[in-house]
1. Taking PHE27, is it part of a loop (DSSP other than H, G, I, E, B), among the hydrophobic types (A, V, I, L, M, F, W, C), more than 18 Å from PRO96 (Cβ to Cβ) and at pLDDT 75 or above?
2. For ILE102, indicate whether it is more than 22 Å from SER39 (Cβ to Cβ) and surrounded by 11 or more Cβ atoms within 10 Å (Cβ to Cβ).
3. Got a sec? Which of PHE80, PHE74 is modelled with pLDDT under 85, closer than 19 Å to MET40 by Cβ and in a helix (DSSP H, G or I)?
4. What number of residues within the range 38-64 satisfy the criterion of being assigned to a helix (DSSP H, G or I) and either surrounded by 12 or more Cβ atoms within 10 Å (Cβ to Cβ) or aliphatic (A, V, I, L, M) (or both)?
5. Out of (1) part of a helix (DSSP H, G or I); (2) exposed (fewer than 10 other Cβ atoms within 10 Å of the Cβ), what's the single condition that is false for GLU97?
6. Assuming ALA17 fulfils every condition listed in (1) at pLDDT 85 or above; (2) in contact with a helix residue (DSSP H, G or I) (Cβ under 6 Å, 6 or more places away or on another chain); (3) of a type in the set (A, V, I, L, M, F, W, C) apart from one, which condition is it?
7. Cβ-Cβ below 8 Å, separation at least six or inter-chain, first residue in the range 48-63 and touching a residue at least 12 places away in the same chain (Cβ under 8 Å), second outside any helix (DSSP H, G or I) and among the hydroxyl-bearing types (Ser, Thr, Tyr): which pairs?
Amino acid sequence: MDDTMFALTNSVICRIAFGTSHMGNQFENGQIKELLADSMIFLRGFSASDLFPSSVGWIIDLITGHHRKLERCFRNFDTFFRKLLDEHLDPSRPRPENDDIIDVMIGL
């Protein structure tokens, strides 16, 4: 039931925000869910650089592996958003009747 609800909300939100449901692309089959779950762990988790803003916190994060995991999460989000932008900037892409959020932001 959890996966079904996630697939439904993912499809609806992506259709509204990005103009497509992203069914069947490289971020389906649980990868979007994993990406969001990883980001939620970082949002609610502890980071030594938050407690010690000087270089000491960064070193602790580097030793514990937190920095590497955070960088991987950023790379995955960057890949996802780069794919969305490339799809919207493709000149052969058919223009929808109503612009989505990405089309509006590109137009700005």
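1. In short, no.
2. Numbers: more than 22 Å from SER39 (Cβ to Cβ): no; surrounded by 11 or more Cβ atoms within 10 Å (Cβ to Cβ): yes.
The answer is no for ILE102.
3. The unique qualifying residue is PHE80.
4. Qualifying residue count for the region: 18.
5. GLU97 satisfies all of (1) part of a helix (DSSP H, G or I); (2) exposed (fewer than 10 other Cβ atoms within 10 Å of the Cβ) except (1).
6. Status for ALA17: all satisfied but (1).
7. Here the result reads ASP61/SER47, each pair linking the range 48-63 to a residue that is outside any helix (DSSP H, G or I) and among the hydroxyl-bearing types (Ser, Thr, Tyr).
The values are calculated or read from the model by the stated rules, or taken from the named source; none is laboratory data. Computed from a prediction, not measured in an experiment: that's the story for all the values here. Positions of Cβ are generated from backbone atoms using ideal geometry, with glycine treated the same way; all protein chains shown enter the neighbour counts.
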